[in-house]
Ligand code: NAD
């Protein structure tokens, strides 16, 4: 349903994989072109696939009617979800197409998997099932977002970078993933909302990558440094740069390098009269993330808050620009008390810039530190995990029965 860039490419490629496919679009120009074996728009390789599969009888177009739906096991919804003036997505096409399908399911008894390929916000698919398809018990709803790029859409379909399926039942997810079983990819079966969110995460990430490369590249060029060589070399690091490292939602960053170097970069750019809005907003975004942690801690009804971890991450005693120190400074300013245990910090053993940093923020740090997890548990009303504990320490903290907030793992709101 919907034979635009996503729908028509999916139609032709699924036919090429051997499926029997029927395309429906309210735009007669598109359907009549496809019926004549032509792609309704330019996309490399698509004309050939449409023409060959129409000839082989695996691909046809039709009006939406009960007979067509009756033969279908899976319906793929590929209608547009454009922007509204306020930035929200417009779901009118999606709702209308679902209403049209629901109106033609009256006599159907077989199960049907209504699969949303369009980009939609988490919760949309559940909403369609509980509203438009509420009376149709045989209907399962799935999300199978499309990741193709215009200009290489056929190649992207046939050699996918990612295959994601979420559905209201395991069988429905398996049957949608089964459509692609001859492709060289293992499908990721996730929850329905996760599938919807992943598409936004991917597109936001791609946009961020482009802007990052352009901001670093522009600054490099302005400094007489070759932008291509910088970025190409950055990409050679597949341990820390192009890798899952740092891609784990958790606590704000800190430490002696990242904040300092971001400030230096953006300061130098401003001296060159360059605006780099993304790099300039990174510390502000990190600060906002820290404020979310502070709000969550403040909402805990604890007079004396126990912190596991003081350094900006585990396995270091470097306290410079540790976000935990900023949190504790704030809490003490608001009249709360704190106790701190960090397995790598003996306050008597730190010195130099490290000591200066912590003493200027928390002059009474010596009185706040305790020697082990048990002391922390004994002296606190609530526990904050501010860096990853060992399995043993985590078990001990959890066994305390005290209210606990783990800043290294973001808490999910009820869906
Ligand atoms: P499009 O506007 O090119 O195509 C949508 C099609 O749906 C149109 O042909 C329209 O006539 C048809 N349609 C609308 N209502 C209909 C109805 N009731 N019955 C039958 N047909 C109907 O959109 P697109 O670019 O293919 O994108 C579709 C979705 O996929 C969007 O959510 C988009 O965000 C997402 N997406 C797009 C791309 C891309 O590169 N274009 C890539 C991945 C995901």
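Given the structure, is residue 183 part of a loop (DSSP other than H, G, I, E, B) and more than 22 Å from the chain's Cα centre (by Cα)?
Numbers: part of a loop (DSSP other than H, G, I, E, B): yes; more than 22 Å from the chain's Cα centre (by Cα): yes.
Spelling it out, residue 183 is indeed part of a loop (DSSP other than H, G, I, E, B) and more than 22 Å from the chain's Cα centre (by Cα).
Here's the yes/no breakdown for (1) in contact (Cβ under 8 Å) with a residue 12 or more places away in the chain; (2) surrounded by fewer than 17 Cβ atoms within 10 Å (Cβ to Cβ):
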| residue | (1), (2) |
| --- | --- |
| 377 | yes, no |
| 381 | yes, yes |
| 391 | no, yes |
| 398 | no, yes |
| 401 | no, yes |
| 406 | yes, no |
| 410 | yes, yes |
| 414 | no, yes |
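Is it the case, given these coordinates, that residue 160 is assigned to a loop (DSSP other than H, G, I, E, B), crowded, with 22+ Cβ neighbours inside 10 Å, under 22 Å from the mean Cα position of the chain (by Cα) and within 16 Å of the ligand (Cβ to nearest atom)? The answer is no for residue 160.
Anything in region 124-159 that is on the phi > 0 side of the Ramachandran plot and in contact with a helix residue (DSSP H, G or I) (Cβ under 7 Å, 6 or more places away or on another chain)? List them, or say none.
Going through region 124-159, the residues on the phi > 0 side of the Ramachandran plot turn out to be 151.
None - no residue of region 124-159 is on the phi > 0 side of the Ramachandran plot and in contact with a helix residue (DSSP H, G or I) (Cβ under 7 Å, 6 or more places away or on another chain), so the list stays empty.
As a summary of the residue check, residue 37 satisfies the conditions (1) surrounded by fewer than 22 Cβ atoms within 10 Å (Cβ to Cβ); (2) touching a helix residue (DSSP H, G or I) at 6+ places or on another chain (Cβ under 9 Å); (3) part of a helix (DSSP H, G or I) except for the one numbered (3).
Among residues of region 1-34 being surrounded by fewer than 16 Cβ atoms within 10 Å (Cβ to Cβ) and assigned to a helix (DSSP H, G or I), the one that is farthest from the ligand (Cβ to nearest atom) is 32.
Taking region 330-361 only, how many residues are touching a helix residue (DSSP H, G or I) at 6+ places or on another chain (Cβ under 6 Å) and buried (at least 18 other Cβ atoms within 10 Å of the Cβ)? Summing the residues that are touching a helix residue (DSSP H, G or I) at 6+ places or on another chain (Cβ under 6 Å) and buried (at least 18 other Cβ atoms within 10 Å of the Cβ) in region 330-361 gives 6. Close contacts from region 124-148, counting a first residue that is touching a residue at least 60 places away in the same chain (Cβ under 8 Å) and over 18 Å from residue 188 (Cβ atoms) and a second that is away from the ligand (no atom under 14 Å from the Cβ) and in a loop (DSSP other than H, G, I, E, B), with Cβ to Cβ under 8 Å and a gap of 6+ residues or different chains, come to 126/168.
Here residue 95 fulfils each of the conditions (1) closer than 25 Å to residue 141 by Cβ; (2) within 16 Å of the ligand (Cβ to nearest atom); (3) surrounded by 18 or more Cβ atoms within 10 Å (Cβ to Cβ) apart from (3). Here no helices (runs of 4 or more DSSP H) wholly within region 41-132 include at least 1 residues being closer than 25 Å to residue 18 by Cβ, at pLDDT 95 or above and not assigned by TED's automatic domain parsing to the domain that holds residue 20.
Scanning region 204-212 for any residue that is crowded, with 16+ Cβ neighbours inside 10 Å, away from the ligand (no atom under 15 Å from the Cβ), in contact (Cβ under 8 Å) with a residue 40 or more places away in the chain and closer than 21 Å to residue 81 by Cβ turns up nothing.
The values are calculated or read from the model by the stated rules, or taken from the named source; none is laboratory data. Quick caveat, the model's predicted, so the values are computed rather than measured. Don't worry about glycine lacking a Cβ; one is built from the backbone with ideal geometry, like all the others, and counts go over all protein chains shown.
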